[in-house]
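What follows draws every value from the coordinates through simple rules; no lab data is involved. Quantities reported herein were computed from a predicted structural model and do not represent experimental measurements. Methodologically, a virtual Cβ is constructed for each residue, glycine included, from the backbone with ideal geometry; neighbour enumeration extends over all protein chains shown.
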Amino acid sequence: MKRLLIFFFCLFTLALFSQSKTLEPKLENIAWITGTWHGEAFGGNVEEIWSDPSGGSMMASFKHIKDGKVTFYEIEVIREVENTLILQLKHFNSDLKGWETKDETVDFPLIEITKNKIVFEGMIFERIDNNTMIVSVDIHNEDGTVEMVKFNYTKD
């Protein structure tokens, strides 16, 4: 009985370790975000579409719809740069007028990747299962405060 308990303890420990093991900063290790994702945030509906990795990057389009109208868009990329990954994005009003200046991007440097989580500085992608993910984003308010907004996505 004691050996059986030790065996299950070791198996449980190994399972936990494999879930939290840090992976290399390669696009193939985050390809699970590929696809069309839908959810709710900011009092409306959101859609985020991620491409397959190619050419050293992945790209996404994002849109927010409230009361039947687009309120804003985003273009996002995750690029392999100097043996790491970086997520960069730009925001646009519904008329495609940019929020950031012409050469400015909002950048999220990579912190770590595990089997089910991609942690960027200020943004986290967490896979719950193959058709569910949560994206948590730090939003910097005009008064200097920071709040974390969660996007609960399901995949088409």
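Of I65, G44, F120, which is farthest on the positive side of the dipole of the chain, counting Cα position, with +1 on Lys and Arg Cβ, -1 on Asp and Glu Cβ, and the Cα centre as origin?
In the chain, that residue is F120.
Given the Cα atoms of the range 20-155, and with Rh set as the inverse mean 1/r over their pairs in the Kirkwood sense, what is Rg to Rh to two decimals? Could you put the intermediate results ahead of the total?
On the way: Rg = 14.7 Å, Rh = 15.5 Å.
A ratio of 0.95.
In terms of Cα to Cα distance under 12 Å, which aspartates and glutamates are near enough to K26, apart from those fewer than 8 places away along the same chain?
E80, E82, E112
Local charge sum around K150 (other residues, Cβ-Cβ under 13 Å, Lys/Arg +1, Asp/Glu -1)?
Working: positive: none; negative: E40, E126, D138, E147.
Summing Lys and Arg as +1 and Asp and Glu as -1 gives -4.
What is the order of F151, F72, fewest Cβ neighbours within 10 Å to most?
Ascending Cβ contact count within 10 Å gives the list F72, F151.
Measure up K97/K117; K21/K90; K102/K155; K21/K102; K90/K155 against 27 Å on the Cα-Cα distance and list the ones that go over.
Numbers: K97/K117 32 Å; K21/K90 31 Å; K102/K155 32 Å; K21/K102 39 Å; K90/K155 23 Å.
Going by Cα-Cα distance, K97/K117; K21/K90; K102/K155; K21/K102 fall outside the 27 Å limit.
Go through P109, I86, A31 and say which Cα lies farthest out towards the positive end of the charge dipole of the range 20-155; charges sit on Cβ, +1 for Lys and Arg, -1 for Asp and Glu.
Going by the charge dipole, the pick is A31.
Would you mind working out the magnitude of the charge dipole of the chain relative to its Cα centre, with +1 at each Lys and Arg C-beta and -1 at each Asp and Glu C-beta, to the nearest 20 Debye?
Details: 16 positive and 25 negative charges, 183 e Å.
Around 880 debye, computed over the chain.
Whole-Hz ³J(HN,Hα) for each residue in the range 68-77, computed from phi via Karplus 6.51 cos²θ - 1.76 cosθ + 1.60 with θ = phi - 60°, x for glycine and proline: what do you get?
Values, residue by residue: x, 10, 5, 9, 6, 10, 9, 10, 10, 9 Hz.
Counting Lys and Arg as +1 and Asp and Glu as -1, what is the net charge of the other residues whose Cβ lies under 10 Å from the Cβ of E47? If you can, show how the numbers build up before the last one.
Working: positive: K63; negative: E48, D156.
Net charge in that neighbourhood comes out at -1.
Once the Cα atoms of helix 2-20 and of the chain are each reduced to a long axis, what angle between those two axes, in degrees from 0 to 90 to the nearest 10, is obtained?
20 degrees
Just in the range 36-131: which GluC sites (Glu not before Pro) are loop by DSSP and have at most 15 other Cβ atoms within 10 Å? If you can, show how the numbers build up before the last one.
Values: sites: E40, E47, E48, E74, E76, E80, E82, E100, E104, E112, E121, E126; in loops: E82, E100, E104, E121.
Passing sites in the range 36-131 are E82, E100, E104, E121.
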